[in-house]
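The values are calculated or read from the model by the stated rules, or taken from the named source; none is laboratory data. Since the structure is predicted, the reported quantities are computational estimates derived from the model, not experimental observations. Here the Cβ positions follow ideal geometry from the backbone for every residue, glycine too, while neighbour counts run over all protein chains shown.
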Amino acid sequence: MATESAPVESAATEIPPVTAAVETAAKQPHKLDRKWTFWFDNQSKPKQGAAWGSSLRKAYTFETVEEFWSLYDQIFKPSKLTVNAEFHLFKAGIEPKWEDPECANGGKWTVTSSRKTNLETMWLETLMALVGEQFDDSEDICGVVASVRRSQDKLSLWTKTAANEAAQMGIGRKWKEIIDAEKITYSFHDDSKRERSAKSRYTL
């Protein structure tokens, strides 16, 4: 059954409790291969001097198909986000931070979109591919982040071993096919730490 953490502040309101819906869905559960956790980050009103990641909040952890759909339908759609807010879906036990041991030597594939409908579609297709274990190198995947920005939105697929080009290209080709994107780029977290506009290492 999905576990609920402390209330999460969104840009407009609090993420509502979905316990009843999740409990109903859990009566006929179809277990996933692993547990996943939704996270929420609202950077629209950053506190002065606050460290990066201080607004990141764990929302819900789930382990069945029914819980996933209850959570997605009621809460975790990018169209519900305001500018500078993000939704994350990561494997349970991995925090969506560079500092997490599972992410420390990794990087991310990124696609940008200037249309909200595109972001919503790509987000859902990626979520279904992740929870449905559609990637051959699924063990190298950490999670995915949907970022709503004023100029253009962004979707990023985080992986563990950035230097393993073969694994990253395999994941990238599959993801590009899933989201039907024209172009995706891969950057190393280490590069991003050193410079904000780090150059891409791989492109598809």
remark   = Checked the stretch 155-204 for anything assigned to a strand (DSSP E or B), closer than 22 Å to ARG115 by Cβ and either modelled with pLDDT under 95 or of a type in the set (Val, Ile, Thr) (or both); matches are THR185, THR203
inquiry  = Give me the residue from the stretch 97-110 that is under 14 Å from the mean Cα position of the chain (by Cα) and surrounded by fewer than 22 Cβ atoms within 10 Å (Cβ to Cβ) and, out of that set, farthest from PHE38 (Cα to Cα).
reply    = THR110
query = Of the residues ILE94, ILE141, which single one is within 21 Å of TYR60 (Cα to Cα), surrounded by 15 or more Cβ atoms within 10 Å (Cβ to Cβ) and out of contact with any Phe, Trp or Tyr (no Cβ under 8 Å at 6 or more places or on another chain)?
reply = ILE94
The stretch 25-59, residues that are among the hydrophobic types (A, V, I, L, M, F, W, C), at pLDDT 70 or above and out of contact with any helix residue (DSSP H, G or I) (no Cβ under 7 Å at 6 or more places or on another chain) = TRP39, PHE40, LEU56, ALA59
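What number of residues within the stretch 67-91 are more than 19 Å from SER114 (Cα to Cα) and either buried (at least 20 other Cβ atoms within 10 Å of the Cβ) or touching a His at 6+ places or on another chain (Cβ under 6 Å) (or both)?
8
To keep it simple, each residue is scored yes or no on (1) farther than 21 Å from LYS176 by Cβ; (2) in contact (Cβ under 8 Å) with a residue 60 or more places away in the chain.
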{"position": "LEU81", "(1), (2)": "yes, yes"}
{"position": "ASN84", "(1), (2)": "yes, yes"}
{"position": "LEU89", "(1), (2)": "no, no"}
{"position": "GLU95", "(1), (2)": "yes, no"}
{"position": "ASP100", "(1), (2)": "yes, no"}
{"position": "GLY107", "(1), (2)": "no, yes"}
{"position": "VAL111", "(1), (2)": "no, yes"}
{"position": "ASN118", "(1), (2)": "no, no"}
ask   = Name the residues in the stretch 90-134 that are of a type outside the set (S, T, N, Q), out of contact with any strand residue (DSSP E or B) (no Cβ under 6 Å at 6 or more places or on another chain), under 25 Å from THR64 (Cβ atoms) and part of a loop (DSSP other than H, G, I, E, B), would you?
value = GLY93, GLU95, ASP100, GLY132
note = Within the stretch 62-120, of all residues that are closer than 15 Å to HIS189 by Cβ and of a type in the set (A, V, I, L, M), the one modelled with the highest pLDDT is ILE94
task = Look at the stretch 112-122 and say how many of its residues are out of contact with any Pro (no Cβ under 6 Å at 6 or more places or on another chain) and crowded, with 22+ Cβ neighbours inside 10 Å.
result = 1
